[in-house]
Amino acid sequence: MTVLGNLALWIALLVALWGAVMGFAGGSQGRPELQLSARRAMFATTAALLVAVVSLEWALFTRDFNVEYVASYTSRNLPTFYTWSALYAGQKGSLLFWASVLAIFGTLAVVFTSARHRVYLPYVIGIVSIVVAFFVSAMLAAANPFERLPFTPVDGRGMNPQLQNPGMVFHPPMLYLGYISITIPFAFAMAALLSKRLDVEWLVAIRKWTLVSWLFLSIGILLGMWWAYVELGWGGYWAWDPVENASLLPWLTMTAFLHSVMVQEKRGMLKKWNLSLIIGSWLLSIFGTFITRSGVISSVHSFAQSGVGYFFLVFLVGSAVLSFWIYARRLPLLTAETRLESMVSREASFLFNNLLFVGIAFSVLWGTLFPILSEAVQGTKVTVGPPFFNQVNVPLGLALLALTGIGPLIAWRRASLPNLQRQFAMPVAAGLFAGLALLVAGMRQPLAVLAFSLGTFVLATVAQEFFRGISARHRQYGEGRALAAARLIGRNRRRYGGYVVHAGIVLLFAAFAGMAFKTETQATLRPGESATLRSPFGHEWTFTHLGVSQYDALNRLVTAGTVELARDGRRVGILKSEKRQHVDGLGRPTFEPSTEVGIRSDLREDVYVVMAGVVNGTEQTVYRFTLNPLVWWVWFGGYVVVLGGVIVMWPGGGPPAVRRTQAGYAVKLASQSQETRKS
């Protein structure tokens with residue numbers, strides 16, 4: 001099967017290059033036969049890469065240890081649940097996964113793009129084919145997943161224990177899908193630039209693709225946070241790790257684009273912004289891939305250093321230069337149709353929103369790159385830690401949270417004073433009341449109080465918008481409240497789905513603020529001994545060490561410490577934390593020991609128990625006990641954000657602006673048809 005896999009990669013490379021040539025030639029010359037050849041090349045590239053994927057999965061499941069990739073990431077005792085995910089557990093396999101999914105997305109774009117947007121497709125196919133060809137050439141030149149060993153090991157090394165977690169089965173593909181699908185909006189944006197068709201139509205063509213990319217990135221980031229929380233054992237879910245930052249960067253710029261695109265559709269403004277945000281988002285996705293694969297930055301999420309990083313660096317720089325050169329050539333065609341009439345308008349709020357998103361993205365990018373730059377210039381790597389990111393981004397994030405509530409309340413073009421008073425009265429009062437209530441309750445952390453107050457303000461804004469819409473339908477159509485709410489969302493999913501996303505973001509901000517009250521302690525306990533820790537909610541938790549047990553599992557040796565939990569003197573349960581030593585099929589230790597965390601979660605706080613070690617020859621155990629407030633709301637807020645994203649991208653229920661655009665397009669076609677008949 002490896003021969004078939006190698007052959008499939010070479011065919012995919014040659015056909016992708018052919019598709020790129022035919023796509024650009026067909027688009028520039030307007031020749032249908034060349035465009036048809038490009039489409040067929042896209043289908044053939046996808047088929048060849050799927051053959052390569054099946055070949056590699058066959059080698060993984062049959063445990064063909066003569067294949068270097070199989071020997072490096074599987075073993076005879078690796079559970080089947082993790083065997084299929086070995087496809088993207090290593091660098092070589094993840095490149096194949098990336099190229100294959102991108103080819104599939106390119107095929108879907110060809111098949112499902114509506115007739116009125118097919119003028120962009122030749123260029124889209126050309127761009128997607130070039131990117132696919134790059135990934136395949138990187139595999140063939142430096143990271144071939146079908147490379148064979150000069151001998152066949154008895155067993156493989158197995159998968160990294162930290163990857164043997166359900167979160168890491170689903171987190172990487174979700175994140176990859178987000179990264180990869182950004183290529184489709186980027187390809188349409190470049191097609192609009194190359195064809196000089198820079199009206200609103202290219203935005204309509206990429207709307208669903210942009211939402212798909214944003215949604216996959218959101219899910220991937222949230223799953224990565226959950227994996228870090230339950231697997232790494234450091235007590236948190238976000239550490240401003242370079243690879244974490246790399247995933248956040250395109251999410252920030254894509255979120256900015258999803259806001260500013262509404263201004264272009266409604267008022268014909270921010271055209272330059274929107275194109276630059278799409279181009280920047282795609283380049284940041286390639287940058288994230290470079291960070292992960294180059295080895296220039298150490299991270300628990302990244303692959304080992306390899307020559308693939310240089311391929312990505314050259315591709316990234318070349319793509320950036322070429323993309324922005326084309327963009328600069330088309331700047332005269334990107335003049336705004338209207339001007340900003342007032343700083344107190346929805347357009348202005350979206351502009352400030354964009355500036356904040358881009359500001360946060362720049363600070364994250366700078367903090368991520370600074371260690372590389374300092375080492376290159378001074379020869380010494382200067383680490384940029386969480387204090388820098390928190391100091392810069394917390395104020396910007398709070399300002400962004402405030403704008404989340406302000407934007408929907410301000411009218412387009414110019415807001416009047418009576419309108420502002422009517423719109424802001426209830427949300428501002430709710431926010432102030434929440435802040436005063438927290439101060440009276442004894443909360444003295446200024447940033448936390450501000451975060452909860454602004455969150456209440458935004459939730460009140462969302463509630464007010466829903467209440468007014470539901471009440472209007474109830475009065476006009478006599479519908480019940482539940483039916484009115486369902487139809488209100490169904491008729492304008494983009495608007496009200498966006499409000500649901502805003503509500504989820506508020507929950508996330510509130511949960512993040514809760515970590516300011518995190519408490520922890522470390523204790524060395526003999527069986528029967530206890531340690532105590534006071535919760536920020538006023539409870540006293542007692543942790544009693546019950547003992548240590550050891551046993552064998554499928555592919556690991558487990559040492560487990562058991563702790564009894566009591567809250568305010570009342571027993572509430574038992575938690576176990578484990579040290580795991582993974583072994584291969586012959587019982588030989590592999591990798592470093594890993595830690596399994598014990599977690600008890602409720603709506604208020606998580607009890608987080610980590611067994612740091614056992615004193616040799618005894619059951620005396622070193623524990624770290626942590627109380628993490630409001631962590632449950634991080635995951636629930638993530639669900640709400642994803643739900644809102646699904647509502648927005650659900651078919652039908654398009655916004656009035658889109659329906660007007662479609663109607664205008666139909667009128668234009670009708671008038672052209674009449675002129676043709678007259679002539």
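Below are the figures for this structure:
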| item | result |
| --- | --- |
| Residue within segment 266-273 that is surrounded by fewer than 21 Cβ atoms within 10 Å (Cβ to Cβ), in a helix (DSSP H, G or I) and in contact with a Leu (Cβ under 6 Å, 6 or more places away or on another chain) present | yes |
| Matching entry among Gly573, Gly569, Gly587 (being under 23 Å from Tyr229 (Cα atoms) and not assigned by TED's automatic domain parsing to the domain that holds Tyr73) | Gly573 |
| Where a residue in segment 13-38 is acidic (Asp, Glu) and its partner, wherever it lies, is not in a helix (DSSP H, G or I), with Cβ under 9 Å and at least six apart | none |
| Output for segment 493-535, where each listed residue is among the acidic types (Asp, Glu) and touching a Gly at 6+ places or on another chain (Cβ under 8 Å) | Glu520 |
| Which numbered condition Pro145 misses (of (1) farther than 20 Å from Ser319 by Cβ; (2) in a helix (DSSP H, G or I)) | (2) |
| Lone qualifier among Gly469, Gly498 - being in a helix (DSSP H, G or I), at pLDDT below 95, of a type in the set (Gly, Ala, Ser) and under 17 Å from Leu403 (Cα atoms) | Gly498 |
| In segment 109-122, the residues that are assigned to a helix (DSSP H, G or I) and closer than 13 Å to Ile206 by Cβ | Ala109, Phe112, His117, Tyr120, Leu121 |
| Unmet criterion (only one of (1) touching a residue at least 24 places away in the same chain (Cβ under 8 Å); (2) surrounded by fewer than 19 Cβ atoms within 10 Å (Cβ to Cβ)) for Ser530 | (1) |
| Residue identified as more than 21 Å from Leu149 (Cα to Cα), in contact with a Phe, Trp or Tyr (Cβ under 6 Å, 6 or more places away or on another chain) and either in the same structural domain as Ala20 (by TED's automatic domain parsing) or part of a helix (DSSP H, G or I) (or both) among Ala47, Ala41 | Ala41 |
| Segment 549-564 - residue that is modelled with pLDDT under 95, of a type in the set (A, V, I, L, M, F, W, C) and assigned to a strand (DSSP E or B) and, of those, farthest from Tyr623 (Cα to Cα) | Leu557 |
| Residues of segment 181-200 satisfying the condition of being crowded, with 21+ Cβ neighbours inside 10 Å and of a type in the set (Gly, Ala, Ser) | Ser181, Ala187, Ala189, Ala191, Ala192 |
| Filter result for Leu507 (within 30 Å of Leu252 (Cα to Cα) and in contact (Cβ under 8 Å) with a residue 24 or more places away in the chain) | yes |
| Some residue of segment 658-673 being of a type outside the set (S, T, N, Q) and modelled with pLDDT of 75 or more | no |
| Subset of segment 530-548 [of a type outside the set (S, T, N, Q) and in a strand (DSSP E or B)] | Ala531, Leu533, Arg534, Glu540, Trp541, Phe543, His545, Leu546, Gly547, Val548 |
| Test: residue in segment 19-33 that is modelled with pLDDT under 95, more than 24 Å from Leu554 (Cβ to Cβ), polar (S, T, N, Q) and part of a helix (DSSP H, G or I) | yes |
| Flag for Leu203 being touching a residue at least 60 places away in the same chain (Cβ under 8 Å) and crowded, with 24+ Cβ neighbours inside 10 Å | yes |
| Scope segment 533-554; condition surrounded by 12 or more Cβ atoms within 10 Å (Cβ to Cβ) and either closer than 19 Å to Glu578 by Cα or among the polar types (S, T, N, Q) (or both); matching residues | Ser535, Thr542, Phe543, Thr544, His545, Leu546, Gly547, Val548, Ser549, Ala553 |
| Residue selected from segment 215-243 under the condition surrounded by fewer than 22 Cβ atoms within 10 Å (Cβ to Cβ) and within 17 Å of Thr368 (Cβ to Cβ), by the criterion modelled with the highest pLDDT | Ile221 |
| Some residue of segment 403-414 being surrounded by fewer than 16 Cβ atoms within 10 Å (Cβ to Cβ) and assigned to a helix (DSSP H, G or I) | no |
| Residue match in segment 181-192 (condition: out of contact with any Phe, Trp or Tyr (no Cβ under 7 Å at 6 or more places or on another chain) and not in a helix (DSSP H, G or I)) | no |
| Residues located in segment 40-91, provided they are surrounded by fewer than 19 Cβ atoms within 10 Å (Cβ to Cβ), modelled with pLDDT under 95 and among the aliphatic types (A, V, I, L, M) | none |
| Of residues in segment 599-625 being farther than 17 Å from Arg580 by Cβ and of a type in the set (Val, Ile, Thr), the one modelled with the highest pLDDT | Val607 |
| So Val111, is it without any contact (Cβ under 8 Å) to a residue 12 or more places away in the chain and either more than 19 Å from Tyr179 (Cα to Cα) or of a type in the set (Ser, Thr, Tyr) (or both) | yes |
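Rundown of residues vs (1) surrounded by fewer than 20 Cβ atoms within 10 Å (Cβ to Cβ); (2) in contact with a Ser or Thr (Cβ under 9 Å, 6 or more places away or on another chain); (3) of a type in the set (Lys, Arg); (4) outside any helix (DSSP H, G or I), yes/no style:
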residue	(1), (2), (3), (4)
Arg422	yes, no, yes, no
Gly431	no, yes, no, no
Met443	yes, no, no, yes
Leu454	no, yes, no, no
Val458	no, yes, no, no
Ala486	yes, no, no, no
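This table checks each residue for (1) closer than 21 Å to Gly236 by Cβ; (2) buried (at least 18 other Cβ atoms within 10 Å of the Cβ).
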position: Val572; (1), (2): no, no
position: Thr590; (1), (2): no, yes
position: Thr595; (1), (2): yes, yes
position: Val607; (1), (2): yes, yes
position: Met611; (1), (2): yes, yes
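The values are calculated or read from the model by the stated rules, or taken from the named source; none is laboratory data. This structure is a prediction, so every number in the text was calculated from the model and none was measured. As a convention, Cβ positions derive from the backbone with ideal geometry for all residues, glycine included, and neighbour counts pool all protein chains shown.
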